[in-house]
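Structure record follows, encoded as structure tokens.
The values are calculated or read from the model by the stated rules, or taken from the named source; none is laboratory data. A quick note: this is a predicted structure, and the numbers were derived from the prediction, not measured. Positions of Cβ are backbone-derived with ideal geometry, glycine not excepted, and every protein chain shown enters the neighbour counts. Note: accessible area is taken over every heavy atom of the protein model, side chains too, but ligands, DNA and RNA are not part of it. Shrake-Rupley method; radii C 1.70, N 1.55, O 1.52, S 1.80 Å.
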Amino acid sequence: AEPAVPQGLLRLARRSGQLNLAGRGLSHVPEHVWRINLDTPEEAQQNLSFGAADRWWEQTDLTKLILASNKLQSLSEDVQLLPALTVLDDNLKISRNSIHNKLRSLPEELLQLPRLRSLLVQHNELSQLPEGLGQLLSLEELDVSNNQLTAIPTSFALLVNLVRLNLACNQLKELPADLSAMKSLRQLDCTKNYLETVPPKLATMASLEQLYLRKNKLRSLPELPSCKLLKELHAGENQIEILNAENLKQLSSLCVLELRDNKIKAVPEEITVLQKLERLDLANNDISTQELLKYLRSKIQDDGPGPSEEPPVTAMTLPSQSKVNIHAITTLKLLEYSDKQAADIPEAVFDAVGATPVATVNFSKNQLREIPPRLVELKDSVCDVSLGFNKISCISSELCLLQKLTHLDLRNNVLTALPEEMEALKRLHTINLAFNRFKVFPSVLYRLPALETILLSNNQVGSIDPVQLKGLDKLGTLDLQNNDLLQVPPELGNCENLRSLLLEGNPFRTPRAAVLAKGTAAVLEYLRSRIPS
């Protein structure tokens, strides 16, 4: 039988105006919930004497209804019986491992909630949004991420009070130019779609502060001349080849420019005009060392001394034994000491940092046997650490204090385990552990909710836990090639957010190579078909 909503909860909701029905296993919302402000409550019909707190005729209109993590497949048109609703939360806010709802459409009646300020319907199966959504003029926050949307209604242009719009993880090939009418929009997330361009009109969105375009099919950075307040532009994992100098010059407030995993070959000198830039991420592009040196030299000449002054001690004129690139530290926020075959990192490297907020550390291709202890000095700013191609056999607790870490590269070391303390790295979204000596999947990874990419190829991992993996609902890439998996658990097919699952080179018999060759979606579907019913 359908679980009932306890009377005590309804009584509380009449007083507070808020009703939390998250995680109750509901396949539909009981009618008396929609009618909570219309019907005479049960207790009133029992002729009890009321205390002052329980006078049902003095009840508060319901303004907040949380339906997260149930089994809803549709929302009843009775939602219109709650005209005072300002927050309708139908997403996963409660626990990471519970079931998302599976709404396939939004009822037209939702459009008759003029006071609705927050509509959260991520992780459903919506393939389209009602054209009339633009009538919700009070809306300030709209999250439709992780659905199956292929288009955005043009009426979105009417949502002039919208501050946050999340369109991530859908199937959008383009954005309507009319979005530019959203004059209050501060945060726009279009991560993981199929966008090839961004409409030039979006450049007029004067309030925009954060723009996420990661994991699309962009070939160039969008032109954003009027976005004077834009602080963060995330455009990693696209196909950008050229950075247009003019486009960059206009972004005067930019603090974060994230362009990793593109095909950029050159860095325009105009990037040095971005005075507020704190983090520039160009990892995994096609920029040659020559190109970077040219850029650094040009920078030194710009800041060069007059004819009678002493030349400054900069990156190119430092005494050779110190090998610390001061310029890279101050301009690129990069601390690099790589490819030196060094057994430890010289103190001078850390001393050179001073008060600079270093964002990226590259100590790869050395002979390090442990995590450099002084790395902890950078904990307030560092987000990207590369320690690949060393001889590190265990991770010290210092690394676990770098709580801003988003990228960690430990490939080609001799690690066999990760410490449980790494659970503190709540922002970590990419970890590369390829070519180590792991025999078991490091269990701490299951407890890092922000993880998007786990690279664990060329180890000796023998098994994985599909139930715990499903809890990582942001995980899009899992590379387990060339390990010792004797079987692939069918329940792995339930990890439907995986865009890239790589299993080649393991000793398991099924799925066969022909299935693997069809790609991730086919493999997941095959696995789901083998789950015992």
>> Averaging the inverse of every distinct alpha carbon separation and then flipping it gives the Kirkwood radius. What is it for region 326-529, in angstrom units?
In response: 17.8
> Percent relative contact order of the chain, based on C-alpha pairs within less than 8 angstrom and at least six residues apart?
Replying inline: 5
> When N is the residue count of the chain, what does its C-alpha Rg come to as a fraction of 2.2 N^0.38 Å?
Replying inline: 1.12
> Once phi is turned into ³J(HN,Hα) by the Karplus curve 6.51 cos²θ - 1.76 cosθ + 1.60 with θ = phi - 60°, what whole-Hz value does each residue of region 338-346 show in order, with x for glycine and proline?
Replying inline: 10, 6, 10, 6, 8, 7, 8, 8, x
>> Expected output is a single nm value to one decimal: the length gained when fully extending between SER27 and ARG374, i.e. 0.36 nm times separation in residues minus the C-alpha distance. What is it?
In response: 119.6 nm
> Counting other Cβ atoms within 10 Å of each Cβ, which trypsin sites (Lys or Arg not before Pro) in region 455-511 have at most 10 and sit in a DSSP loop?
Replying inline: ARG509
> Residue separation times 0.36 nm, minus the C-alpha to C-alpha distance between LYS276 and ARG427: what's the value?
Replying inline: 52.1 nm
> Would you list ASP479, ASP286 from the most to the least accessible area, probe 1.4 Å?
Replying inline: ASP286, ASP479
>> Per residue, how large is the accessible surface of region 326-529? Use a 1.4 angstrom probe and give square angstrom.
In response: 43
>> Can you give the FRET efficiency to the nearest 0.05 for SER226 and SER74, using r as the Cβ-Cβ distance and R₀ = 51 Å?
In response: 0.80
>> With an 8 Å Cα cut-off and a minimum separation of 6 or more residues, compute the relative contact order for region 326-529 in percent.
In response: 11
> With +1 on each Lys and Arg Cβ and -1 on each Asp and Glu Cβ, how big is the dipole of region 326-529 about its Cα centre, in debye rounded to the nearest 20?
Replying inline: 480
> Say the cut-off is 18 Å between C-alpha atoms; which of LYS217/LYS263; LYS231/LYS426; LYS192/LYS217; LYS215/LYS404; LYS217/LYS333 go over it?
Replying inline: LYS231/LYS426; LYS215/LYS404; LYS217/LYS333
>> If you average the C-alpha positions of region 217-294 and of region 376-424 separately, how far apart do those two centres end up, in angstrom?
In response: 26
>> Residue by residue through region 169-179, what is 3J(HN,Hα) from phi via Karplus (6.51 cos²θ - 1.76 cosθ + 1.60, θ = phi - 60°)? Round to whole Hz and write x for glycine and proline.
In response: 6, 10, 10, 6, 9, 8, 10, x, 4, 4, 4
> What is region 135-230 by shape, rounded, prolate or oblate, if you read a ≥ b ≥ c off the alpha carbon gyration tensor as root eigenvalues and call it rounded for a/c under 1.5, prolate for a/b larger than b/c, and oblate otherwise?
Replying inline: oblate
>> Need the full-extension length gain, ARG35 to GLU246, defined as separation in residues times 0.36 nm minus the C-alpha distance. One decimal, nm.
In response: 70.2 nm
